[in-house]
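Note sheet for the following structure.
The values are calculated or read from the model by the stated rules, or taken from the named source; none is laboratory data. This is a predicted model, so every value here is computed, not measured. Here the Cβ is made from the backbone with ideal geometry for all residues, glycine too, and neighbour counts use every protein chain on show.
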Amino acid sequence: MNEPKEEKVREKLKLSEFYNGDGRAGFVNATRLFLMPFVFIALLGIPIPGILGNYIRAISNFAALSFFVYCGFFTLVENPEKRMRKLARGAKRSAWLFLIMLVSYLALNIAYLAYIGGLRFLISPEFLRVRTVFEFLFLNVWQFPVGNSIWFIQSLTYAYLIFLFMEKFNLFKPYIYLPLLGVLLVFMLLSGEFAGVVGISYFGYSYIPGGFLTKALPFMLIGMLLRKYVDQLSRIPRFVYIITFVAGILLSVGELLLLATFNKLVYTGNTIGYAVMAISFCCFAIVGPEAKQSFFASHGRSYSRRMYALCQPVSLLVWFIFNLVDPQMLSAMMQLNSIICFVVCLGLAFLIGLIKLNITLKREYLRG
């Protein structure tokens, strides 16, 4: 009578073998696409006025951490040779995407500044300084009005390159990466959410706005640890991860309220609650490889990547259209910017996928 249950347990205990054989849980790609509304809310806001909208936007920051956890889970595998190949491939892909986004965003900003008569910004003393380059390269600060989402790809590229360096010099040892993870997590909190409590000036900033030290590196290492202990994680009922996710929401709100009450809130990008939310969310997905394959499960990763790259250009396009049609309605309509951009980007992601599929089919036909 208990045989089906025992069989299910035995199957779950094989999760490490499943992932070591490059298996991919159907839930993972589907949840990557599910995270995109939170990404759009975090970047573009949400049409809910008042404190509720502010907290929904703040809580949505957990989505970026979840993507870093996923990247670490599927890239930082236990086999050194396979890990090296995955890191090299990931670094190459992210570097190319970063370069494409950088060139595209620069072109968009020049066009935008020309349209609003602000090209003088590019030759202003505030912009033409060595510190601008330093802030962009090391703190992931984007000085232009459009394209602040580039920090994610930039941080991911840096993280891949750092992990490649560690792999090349045989530094992926528990006595190295575990203390490194601890230091990065403490640094993340002291230079982010709790920077107001510490009161230290970081290169003239009250907090570190960058992402590769405070987000990409630590959470990719967390993803690596989740992979290492995936068999043990699979024994925990999945509803527990739902409960801990909700607990993470309450914890993050509590942290923000507490810091705001004591006038110590300087940043809303890193909280302990966000980490709890991201880890719980990812655990819920990775322990369920038995999910039925679907379109979203098969293509969620590709579609989420395209939507992220399209987010800022589409947002600028929406602003331009509203400003061209009826400038008086611009402020009211831009409140719906995140919803409009999400729908448009999703449609464009499907269109790009369809075009890519047709090109592939034509190539196969010509070869055949």
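Exactly one condition in (1) farther than 19 Å from ARG32 by Cα; (2) crowded, with 23+ Cβ neighbours inside 10 Å; (3) hydrophobic (A, V, I, L, M, F, W, C) is not met by ALA278; state its number.
(1)
Of all residues in region 121-166, which are among the acidic types (Asp, Glu) and surrounded by 18 or more Cβ atoms within 10 Å (Cβ to Cβ)?
GLU135
Checking the structure you have, find out if any residue of region 96-112 is more than 30 Å from PHE320 (Cβ to Cβ), in contact (Cβ under 8 Å) with a residue 12 or more places away in the chain and within 17 Å of the chain's Cα centre (by Cα).
So far as region 96-112 goes, no, none of its residues is more than 30 Å from PHE320 (Cβ to Cβ), in contact (Cβ under 8 Å) with a residue 12 or more places away in the chain and within 17 Å of the chain's Cα centre (by Cα).
Within region 340-362, how many residues turn out to be in contact with a helix residue (DSSP H, G or I) (Cβ under 8 Å, 6 or more places away or on another chain) and among the β-branched types (Val, Ile, Thr)?
Of the residues in that region, 3 qualify.
Evaluate region 319-338: report whether one residue or more is at negative phi, buried (at least 17 other Cβ atoms within 10 Å of the Cβ), of a type in the set (Val, Ile, Thr) and in a helix (DSSP H, G or I).
Among the residues of region 319-338, not one is at negative phi, buried (at least 17 other Cβ atoms within 10 Å of the Cβ), of a type in the set (Val, Ile, Thr) and in a helix (DSSP H, G or I), which makes the answer no.
Report the residue count in region 131-167 for those that are more than 20 Å from PHE40 (Cβ to Cβ) and in a helix (DSSP H, G or I).
Of the residues in region 131-167, 20 are more than 20 Å from PHE40 (Cβ to Cβ) and in a helix (DSSP H, G or I).
Inside region 173-190, can you point out the residues that are out of contact with any Leu (no Cβ under 8 Å at 6 or more places or on another chain) and crowded, with 18+ Cβ neighbours inside 10 Å?
Across region 173-190, the qualifying residues are LEU185, LEU189, LEU190.
Check whether at least one residue in region 19-34 is at pLDDT 85 or above and within 17 Å of ILE339 (Cα to Cα), and report yes or no.
Within region 19-34, one or more residues are at pLDDT 85 or above and within 17 Å of ILE339 (Cα to Cα).
Any residue in region 350-368 that is of a type outside the set (D, E, K, R) sitting within a Cβ distance under 8 Å of a residue that is part of a helix (DSSP H, G or I)? List the pairs, counting only those 6 or more apart or interchain.
PHE350/TYR303; ILE352/ARG306; GLY353/HIS299; GLY353/SER302; GLY353/TYR303; GLY353/ARG306
Report, ordered by the first and then the second residue, all pairs with beta carbons closer than 6 Å, sequence separation of six or more or different chains, a first member in region 311-336 that is touching a residue at least 60 places away in the same chain (Cβ under 8 Å) and farther than 15 Å from ILE116 by Cβ, and a second member that is outside any helix (DSSP H, G or I) and not small (Gly, Ala, Ser).
GLN312/VAL146; GLN335/PRO47; LEU336/PRO47
Give the residue, chosen from LEU226, LEU258, LEU213, LEU189, that is closer than 22 Å to GLY72 by Cβ and either at pLDDT 90 or above or more than 19 Å from the chain's Cα centre (by Cα) (or both).
Answer to the selection: LEU226.
Which of the residues that make up region 106-143 are aromatic (Phe, Trp, Tyr), touching a helix residue (DSSP H, G or I) at 6+ places or on another chain (Cβ under 8 Å) and within 26 Å of ILE208 (Cα to Cα)?
PHE121, PHE127, TRP142
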